[in-house]
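The values are calculated or read from the model by the stated rules, or taken from the named source; none is laboratory data. If you're wondering where the values come from, they're calculated on a predicted model, not measured in any experiment. Every residue, glycine among them, receives a Cβ derived from its backbone with ideal geometry; neighbour counts consider all protein chains shown.
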There are 2 protein chains.
Amino acid sequence: MAVGLGPLPEFFPVRGVRVGIASAGIKKPGRKDIVVFELAEGSQVAGIFTRNQFCAAPVTVTRRHLSEAAPRYLLINTGNANAGTGRKGVVDAEQCCSALAAMAGVSEAAVLPFSTGVIGESLPVVKITGALSAALEGLGEERWGEAAEGIMTTDTLPKGVSRQVVLGGETVTISGISKGAGMIRPNMATMLGFIATDAKVESTLLQTLVSELGEASFNRITIDGDTSTNDACILMATGQSDAPEIGPDSPFLADFRAALEDVFMTLAHAIVRDGEGATKFVTINVSGAETQQEALDVAYTVAHSPLVKTALFASDPNWGRILAAVGRAGVPDLDIDAIEIHLDDVCLVRHGGRAEDYSEARGKAVMSQQEITIYIDLKRGDVHERVWTCDFSHDYVTINADYRT
Amino acid sequence: MAVGLGPLPEFFPVRGVRVGIASAGIKKPGRKDIVVFELAEGSQVAGIFTRNQFCAAPVTVTRRHLSEAAPRYLLINTGNANAGTGRKGVVDAEQCCSALAAMAGVSEAAVLPFSTGVIGESLPVVKITGALSAALEGLGEERWGEAAEGIMTTDTLPKGVSRQVVLGGETVTISGISKGAGMIRPNMATMLGFIATDAKVESTLLQTLVSELGEASFNRITIDGDTSTNDACILMATGQSDAPEIGPDSPFLADFRAALEDVFMTLAHAIVRDGEGATKFVTINVSGAETQQEALDVAYTVAHSPLVKTALFASDPNWGRILAAVGRAGVPDLDIDAIEIHLDDVCLVRHGGRAEDYSEARGKAVMSQQEITIYIDLKRGDVHERVWTCDFSHDYVTINADYRT
């Protein structure tokens with residue numbers, strides 16, 4: 001059950017981006033499990049990747065290729081993560097890139113590989129390379145929706161968003177897709193995001209944008225606190241729009257950035273909304289911190305607490321669990337008497353205990369909503385941070401206990 | 001369902017310790033919810049306490065009383081944690097101590113208060129003080145088993161252990177009880193351990209022993225990664241045995257310490273065995289670390305991973321989840337190719353991927369056991385650490401989602 005996640009929107013095509021889909025039969029015969037992005041010459045690509053030290057082979061290869069050549073193709077497969085596969089996994093990923101490069105007449109380093117699916121099994125290279133010609137033959141500008149479906153694993157719904165913004169009188173398009181339903185399932189390793197724009201973006205700025213917006217969106221969501229071996233978020237800019245180039249001092253940067261942020265946030269939140277077993281979409285808003293680190297420590301400690309998450313599932317305004325999570329977040333010298341905790345506009349905690357004006361009925365009313373914000377004001381500084389998470393339900397256990405059987 | 005946890009053992013009385021039980025009707029009429037320990041004059045007491053900054057009022061008061069006077073009484077109530085109760089909670093705890101002190105003819109600071117139960121509700125001082133005379137009148141040396149039952153909250157079984165060791169030809173007794181079924185449930189805040197011996201122990205050494213053994217036992221167990229507001233572990237030594245006094249250079253220290261460690265470990269493990277919804281008792285053994293911190297970071301990251309825990313519940317040898325948890329534990333410059341991971345004697349991971357000699361059948365056989373050890377050898381140093389945890393089942397969600405209803 002996805003929380004507030006509707007069907008895919010209409011996608012605006014992105015000039016300079018064509019998408020191909022094919023079926024390699026990696027896990028199930030007939031399933032569309034290969035997606036290829038083709039980028040026009042001159043496109044810029046920047047990405048952020050998992051920080052897991054057991055990072056998957058395709059992440060290693062994509063990073064290296066990005067440093068070696070201008071990317072022209074992204075090759076994504078589902079059904080196999082090519083993670084936990086040792087050195088053979090790197091060779092396998094390179095072989096797939098090499099095959100696509102030969103067909104398309106580009107260098108191997110111009111192909112970036114991405115994999116998602118089961119960990120620890122060898123990549124079926126022959127199946128994948130056998131499906132590449134079909135993917136290339138079917139390349140088209142209008143196939144974003146199919147691509148969103150093609151990168152799904154156990155996602156219950158495809159995830160995508162498309163925006164247009166007018167810069168200097170010219171329309172710029174941003175379209176993106178993402179997948180993921182647990183922050184990690186190493187079996188289905190895990191979060192991928194692909195965002196393309198036809199804006200012309202100065203290359204250093206593009207990396208800054210993907211880092212900053214990725215940090216504020218994909219790096220602020222958590223289903224279960226785990227970090228996949230395969231996570232990647234890629235931002236592509238083809239420069240095919242007629243809008244002027246955007247650099248760090250561009251008068252259009254603010255508008256472009258706002259539209260891009262909307263796309264990143266929508267795609268990241270969609271992953272939480274489709275979180276495994278999720279019945280609630282929860283924003284944890286920590287303010288009044290002295291440092292970003294302590295704001296994040298508090299936010300993630302609350303977001304990861306199984307007790308807070310099961311209380312959210314139960315629509316139980318169990319403020320003691322939130323308070324105890326704040327207290328164990330490792331922030332030194334917290335002034336317990338100063339902290340305030342709200343659920344939406346209902347104050348739960350003030351002066352180290354239950355707020356005088358709190359009533360169980362008001363708490364219960366907020367907790368019964370599908371979308372809830374927990375505000376935690378530490379009252380010791382000016383830093384604030386937000387993270388997004390979901391609740392923890394019976395279905396989470398069912399999904400993760402039964403996945404391989 | 002408790003894993004490998006039988007009925008209470010026979011308790012050896014501890015000379016100089018008497019136990020009283022009474023019913024104050026705090027949460028349910030007739031339930032035995034008050035336990036009083038009386039210690040002979042000259043007893044030494046040392047403790048370790050929660051590191052949660054929202055620590056409960058009784059923890060604050062006990063710490064202060066320990067610094068002010070020689071303890072003569074411990075007053076424990078269940079049904080109400082007196083946590084999240086602000087300054088009023090401290091006054092309430094002091095009133096209970098004061099009432100018991102007046103009846104027993106000792107100073108208020110000679111009474112140490114402990115509470116466990118619902119967070120955020122005022123301590124029912126009148127009910128508690130009304131039950132004290134019954135508790136004092138019933139004091140006896142043989143009531144350890146009733147005390148183990150009297151401090152239970154949602155524990156499914158009482159937890160206790162009793163050992164004797166001969167030192168210098170004289171018998172020394174150690175008896176202890178504990179409670180707790182989640183590492184935290186702020187509602188039922190949470191872990192308490194009371195261990196008494198009739199040995200005569202030099203007072204600085206007593207604090208060293210409770211700190212070191214508590215660190216290796218109660219501070220190495222985790223059900224759900226949370227830290228209660230009320231956790232406390234108390235070690236009492238009455239000195240009533242005829243064995244010679246034990247100091248840091250005593251020839252008897254090693255034997256005494258070994259017996260005491262057995263008591264601490266048994267009580268701590270009993271909490272994990274009775275973990276909420278637990279069906280497996282799991283030891284995480286990390287070796288080959290450079291520092292204690294990185295050994296613990298790896299061990300706790302694995303122990304807290306909802307994905308590892310649900311795989312344990314499912315008896316699914318899903319080594320990818322263990323590997324991914326190790327990879328995200330924040331240890332810098334891990335040599336992925338060197339790490340080895342075993343389930344008992346079955347090697348799962350070697351050279352960055354699945355071990356060549358691993359088979360799903362062998363992995364499944366180990367994972368189907370009720371007691372499992374996960375060995376993780378980082379192969380970079382000489383430090384090792386162990387933590388104990390349980391799996392994550394449907395019943396965990398049921399218990400924590402339905403607790404207050």
Report summary line: Only one of B:337, B:345 is within 32 Å of the chain's Cα centre (by Cα), exposed (fewer than 14 other Cβ atoms within 10 Å of the Cβ), assigned by TED's automatic domain parsing to the domain that holds residue B:285 and on the phi < 0 side of the Ramachandran plot, namely B:345
Query raised in the report: Which one of B:304, B:351, B:394 is within 22 Å of residue B:218 (Cα to Cα) and within 11 Å of chain A (Cβ to nearest Cβ)?
Result: B:304
Query - Complete set of residues in the range B:38-50 that are assigned to a loop (DSSP other than H, G, I, E, B), of a type outside the set (S, T, N, Q) and under 13 Å from residue B:227 (Cα atoms) - result: none
Requested in this report: Scan the range B:354-391 for residues that are within 14 Å of chain A (Cβ to nearest Cβ), of a type outside the set (Lys, Arg) and under 27 Å from residue A:393 (Cα atoms) and jot them down.
Outcome: B:367, B:368, B:389, B:390, B:391
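Based on this model, can you work out whether residue B:93 counts as modelled with pLDDT of 95 or more and crowded, with 22+ Cβ neighbours inside 10 Å? Break it down into steps so the answer makes sense when it comes.
Working: modelled with pLDDT of 95 or more: yes; crowded, with 22+ Cβ neighbours inside 10 Å: yes.
It is true that residue B:93 is modelled with pLDDT of 95 or more and crowded, with 22+ Cβ neighbours inside 10 Å.
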**Report entry** Within the range A:365-380, tally of residues that are crowded, with 17+ Cβ neighbours inside 10 Å and assigned to a helix (DSSP H, G or I)
**Finding:** 2
Report task. Report yes if residue A:337 is more than 12 Å from every other protein chain (Cβ to nearest Cβ), free of Cβ contacts under 8 Å to residues at least 40 places away in the same chain and not in a helix (DSSP H, G or I), otherwise no. Result -> no
Query raised in the report: Any idea how many residues of the range A:307-333 are facing another protein chain (nearest Cβ under 7 Å), part of a loop (DSSP other than H, G, I, E, B) and over 19 Å from residue B:230 (Cβ atoms)?
Result: 2
Query raised in the report: Can you name the helices (runs of 4 or more DSSP H) wholly within the range A:119-237 that have at least 1 residues being within 30 Å of residue A:299 (Cβ to Cβ), in contact with a Gly (Cβ under 9 Å, 6 or more places away or on another chain) and hydrophobic (A, V, I, L, M, F, W, C)?
Result: A:144-150, A:203-216
Query raised in the report: Residue check, residue B:5 against (1) in a loop (DSSP other than H, G, I, E, B); (2) touching a residue at least 40 places away in the same chain (Cβ under 8 Å); (3) in the same structural domain as residue B:200 (by TED's automatic domain parsing), all met but one. Which one?
Result: (3)
Query raised in the report: Looking at residue B:383, is it surrounded by 16 or more Cβ atoms within 10 Å (Cβ to Cβ), at pLDDT 95 or above and more than 19 Å from residue B:272 (Cβ to Cβ)?
Result: yes
Requested in this report: Find the residue count for the range A:274-303, including only residues that are part of a helix (DSSP H, G or I) and either surrounded by 24 or more Cβ atoms within 10 Å (Cβ to Cβ) or among the polar types (S, T, N, Q) (or both).
Outcome: 8
Report task. Can you confirm whether the range A:51-69 contains a residue that is crowded, with 20+ Cβ neighbours inside 10 Å, assigned to a strand (DSSP E or B), in the same structural domain as residue A:109 (by TED's automatic domain parsing) and not small (Gly, Ala, Ser)? Result -> no
Report summary line: Of the listed residues (B:137, B:142), the one being touching a strand residue (DSSP E or B) at 6+ places or on another chain (Cβ under 9 Å), surrounded by fewer than 22 Cβ atoms within 10 Å (Cβ to Cβ) and under 30 Å from residue B:272 (Cβ atoms) is B:142
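Is it true that residue A:321 is basic (Lys, Arg) and either in contact (Cβ under 8 Å) with a residue 60 or more places away in the chain or more than 20 Å from residue B:83 (Cα to Cα) (or both)? Talk me through it step by step, then tell me what you get.
On the way: basic (Lys, Arg): yes; either in contact (Cβ under 8 Å) with a residue 60 or more places away in the chain or more than 20 Å from residue B:83 (Cα to Cα) (or both): no.
The answer is no for residue A:321.
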Report task. Filter the range B:254-276 down to residues that are under 11 Å from residue B:217 (Cα atoms) and among the charged types (D, E, K, R), then give me how many there are. Result -> 2
Report task. Considering only residues that are of a type in the set (D, E, K, R) and farther than 18 Å from residue B:87 by Cβ, look in the range A:348-364 and name the one that is surrounded by the fewest Cβ atoms within 10 Å (Cβ to Cβ). Result -> A:357
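Between A:250, A:287, which is outside the structural domain of residue A:180 (by TED's automatic domain parsing), over 14 Å from residue A:214 (Cβ atoms) and not β-branched (Val, Ile, Thr)?
Numbers: A:250 fails: outside the structural domain of residue A:180 (by TED's automatic domain parsing).
Only one candidate qualifies: A:287.
Please tell me if residue B:47 is more than 28 Å from residue B:247 (Cα to Cα) and crowded, with 23+ Cβ neighbours inside 10 Å.
no
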